[in-house]
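Worksheet for the structure shown next.
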Amino acid sequence: MTHEFKLIIEEAIKAKTGGLKSVLASVVDLDGSSYRRPGVRMLILEDDTMIGAVSGGCVEKEVLLQAQSVFKTGKSKMMTYDGRYRLGCEGVLYILLEAVNFDTTSETSFFKCLNERKSFEVISHYKKKEGVFEGLGSEVKIGNIGFSISLRSSKTEGDLIFHQKMPPCFKLIIIGAEHDAVQLCKYAALTGWEVTVVAGISESKSLDNFPGAKVLIPTTPEDLDISSVDNQTAIVLMTHNFAYDLRHLVALKDTNPSYIGLLGPTKRREDLLSQFIEYCPEVSDQFLEVIHGPAGLNIGSETPQEIAISIVSEILAVSRKRNPMFLSKKTGSIHSKH
């Protein structure tokens, strides 16, 4: 959810620059089931523009209506949405509405935290009933320092507190610059991931060739900067060159990504890993365990676009420790309890 929160803050800053107020709507509690879980947010601008969503589209009009009083008074409020009677399927959502008043110092600290790929926490004070109450509001906590999102008054008795740990934005590094890399870049960006494309120094490619990518780096495997590779990073090797893929694996051997995907058949993976282990006999088992090849889930993919969906799906499953299955075959809750 970090990328969604980042987008909301960016849009709130743009709105403020343009002279528009904004209201943050946060689902902070839930009774029963819902399309999405507590921690999901959306932003409402004074001109009725909505960024993001807190449900599948059924709740948003009511949130827009309820936000109008916050624009007028600046006071945070609680609203509820009972989907059991309106939709016959969902539970009761408890939604905190608050005016966004992020100052310049807070903005600087927030984006510095994101750029340095550090975790942060969003803490919301709320009540499980409708109305305007003292003490409602949220703050962003970076280390030991907290920054208020709204002009929240001091905490009052009876406040409930929703804590949400936010990891660094999930990042995908695509090593390769052919047509299939373009498709993977598009789908990963749509998922909300930060995408870096690594191309060979002799390839005449630019960032414009990769819609959705944040950075394009022309480099050799030996000069690849691995300093930002962390456990919120996935890597897909798709140079279509056995020697290049091998050299990149050697360059990555001391990193700790959540996933490394290899294109090509099983025989190619076995040959690649065999030679890799010869070059790097001391490589850790932990590193070898995150290597997946052939990359992707077995969903019958044929086209580059379908293969991209397959790879993105596998990365999600691996990074969230899920065993892919038909949801129709799953018993109990769709979402985890965390």
For the chain, calculated [θ]222 nm from helices alone, where every DSSP H run of n ≥ 4 adds -39500 (n - 2.57): -9500 deg cm²/dmol
Burial order of peptide ranges 317-323, 291-297 (average beta-carbon count within 10 Å, highest first): 291-297, 317-323
Lysine pairs in region 171-319 with Cα atoms under 16 Å, if 8 or more residues apart or on separate chains: 5
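Could you sort 127-133, 106-112 so that the peptide with the highest average Cβ count within 10 Å comes first and the rest follow in order? Intermediate results must be reported in sequence, preceding the final value.
Values: 127-133: 13.6, 106-112: 15.3.
In decreasing order of mean packing, 127-133, 106-112 become 106-112, 127-133.
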Contact order normalised by residue count of the chain, Cα under 8 Å, 6+ apart, percent: 11 percent
For peptides 253-259, 266-272, sequence by mean Cβ density within 10 Å, most packed first: 253-259, 266-272
Sequence-distant residues sharing a close amide H with Met166 (under 5 Å, placed H): Phe120, Glu121, Val122
Whole-Hz ³J(HN,Hα) from phi, Karplus 6.51 cos²θ - 1.76 cosθ + 1.60, for region 307-316, glycine and proline x: 5, 4, 4, 4, 5, 4, 5, 5, 4, 4
Reachable lysines, given that their alpha-carbon falls under 17 Å from the alpha-carbon of Lys14 and they are not under 8 places away in the same chain: Lys6
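Read the figures in this text as sums done on the coordinates, not as results from a lab. The shown structure was predicted, so the numbers you read here are calculated from the model rather than taken from an experiment. Ideal geometry is used to build each Cβ from the backbone, glycine not excepted, and the neighbour counts take in all protein chains shown.
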